[in-house]
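The structure's right below; bear with me while I get my questions together.
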Amino acid sequence: MEYRYIFGPVPSRRLGISLGVDLIPPKTCSYNCIYCESGKTTNLTVERREYVPLNDVLKELDGILKTHPRLDFVTYSGSGEPTLYSRISEVTRFVKENYPEYKTALLTNGSLFHDEKVRRDCLDIDVVIPSLDCAGETEFKKVDRPHHSLSAAVVNEGIAKFRTEYTGQIWLEIFIVPGINDTDEEIGRINAEIAKIRPDKIQLNTLDRPGAVDWIRPADDIRMQEIAGKLRHDNIEIAGKPATRSSNKAYSGDISDVILRTVRRRPCTLDDIVKITGLHMNEVNKYLGVLVAEGKITEARGERGVFYRSAE
Ligand code: SF4
């Protein structure tokens, strides 16, 4: 069976062994984040639709889950914003009713939680990981470059409202872009939002792969520790370096070999590797991070985007 909407299991630094479910065609999103690993948003929208046929998604999920793979999570993630998928609750219901042994997780930018229907559609998901990159409107527009109908105030209020209705775990992700959302003023505003959202955990992240723009740089380890010290929460995790993923149980030496063989033939962009190997963009991204960290491949920005080449 050829899979179009399911990928992995992938080694996820946050979710262990994660089976990805991609409900949105690339690159459809309500944001166009400067740090996005999936490249520029080509369809910037807040319109919810059945972007891919539900029956095909369920058929693929059934095909994999009936083999009883070892998984920590079935995760809605992929090349866009999963809550834009209007039938997401039916996917969760399918997993709960047919494979109750598996937990579900949602990676979301949280931008649509101001919509009551979206909040209702996500209530049965076990772990929700929304982003809260910025609380100031100027910072929000610079980092997340949202659809014109969205503001930081509306988005963050929506996430806080979701907290009051949802009984599962919320792990709030904050992506640090040095010079924009790490000022004392902005951290103060973010702290005010954290107090309203009351997440179970905060995951602090910074760039580990080239983003959608070339000027963005990661925050170094010391800066990340400093910021963690300023955030008011007692459960803050700083995202690990990609190389640690190679010890993850889901890490596949076969997949990293396929990617290495591909870039050994000629330098490739992420899109090239996806086309040549048939692997999912998110899956390729996870392995590229490890291979770069291990010094097996190098990355450099060229005319068509970031190119990966063998370092051997
Ligand atoms: S990082 Fe997430 S929210 Fe931001 S543009 Fe990429 S897919 Fe959309």
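Name the single residue that is farthest from Arg261 (Cα to Cα) among those in the range 291-312 being over 25 Å from the mean Cα position of the chain (by Cα) and of a type outside the set (Gly, Ala, Ser). Walk me through it before giving the result.
Step one: of the range 291-312, the residues over 25 Å from the mean Cα position of the chain (by Cα) are 303, 310-312.
With the extra rule that they be of a type outside the set (Gly, Ala, Ser), the set shrinks to 303, 312.
Values: Glu303: 23, Glu312: 11 Å.
It comes out as Glu303.
Give the range 4-14 a look and list any residue that's part of a loop (DSSP other than H, G, I, E, B) and buried (at least 16 other Cβ atoms within 10 Å of the Cβ), or say none. Explain how you work it out, then say what you get.
Of the range 4-14, the ones part of a loop (DSSP other than H, G, I, E, B) are 4-5, 13-14.
If the condition is that a residue be part of a loop (DSSP other than H, G, I, E, B) and buried (at least 16 other Cβ atoms within 10 Å of the Cβ), then Tyr5, Arg13, Arg14 are the ones that fit.
Look at the range 126-161 and say how many of its residues are away from the ligand (no atom under 16 Å from the Cβ) and either more than 23 Å from Met224 (Cα to Cα) or of a type outside the set (A, V, I, L, M) (or both).
At the first step, the residues of the range 126-161 found to be away from the ligand (no atom under 16 Å from the Cβ) are 126-127, 135-138, 153, 157, 160-161.
Among the residues that remain, those that are also either more than 23 Å from Met224 (Cα to Cα) or of a type outside the set (A, V, I, L, M) (or both) are: 126-127, 136-138, 153, 157, 160-161.
Matching residues across the range 126-161 total 9.
Restricting to the range 79-95, and then to whatever is more than 16 Å from the ligand (Cβ to nearest atom) and of a type in the set (D, E, K, R), can you tell me which residue is farthest from Tyr5 (Cα to Cα)?
First, the residues of the range 79-95 that are more than 16 Å from the ligand (Cβ to nearest atom): 86-87, 89-95.
Checking which are of a type in the set (D, E, K, R) leaves us with 87, 90, 93.
On the way: Arg87: 14, Glu90: 15, Arg93: 17 Å.
Result: Arg93.
Any idea which residue in the range 105-125 is nearest to Ile6 (Cα to Cα), counting only those that are more than 16 Å from the ligand (Cβ to nearest atom) and buried (at least 21 other Cβ atoms within 10 Å of the Cβ)?
Taking the candidates together, the pick is Ile125.
Among the residues of the range 15-35, write down those that are more than 12 Å from Gly80 (Cβ to Cβ), within 14 Å of the ligand (Cβ to nearest atom) and in a loop (DSSP other than H, G, I, E, B).
Selection gives Ile34, Tyr35.
Name the single residue, out of those in the range 41-76 being touching a residue at least 40 places away in the same chain (Cβ under 8 Å) and under 21 Å from Lys117 (Cβ atoms), that is nearest to the ligand (Cβ to nearest atom).
Residue satisfying both the conditions and the ranking: Leu44.
If you check Ser79, Ser89, Ser38, which single one turns out to be within 24 Å of Arg120 (Cβ to Cβ), in the same structural domain as Cys134 (by TED's automatic domain parsing) and either in a loop (DSSP other than H, G, I, E, B) or without any contact (Cβ under 8 Å) to a residue 60 or more places away in the chain (or both)?
Details: Ser79 fails: within 24 Å of Arg120 (Cβ to Cβ); Ser38 fails: within 24 Å of Arg120 (Cβ to Cβ).
From the options Ser79, Ser89, Ser38, the qualifying one is Ser89.
The values are calculated or read from the model by the stated rules, or taken from the named source; none is laboratory data. In this text, all values refer to a predicted model and were calculated from it rather than measured experimentally. No Cβ is skipped: glycine too gets one built from the backbone with ideal geometry, and neighbour counts run over all protein chains shown.
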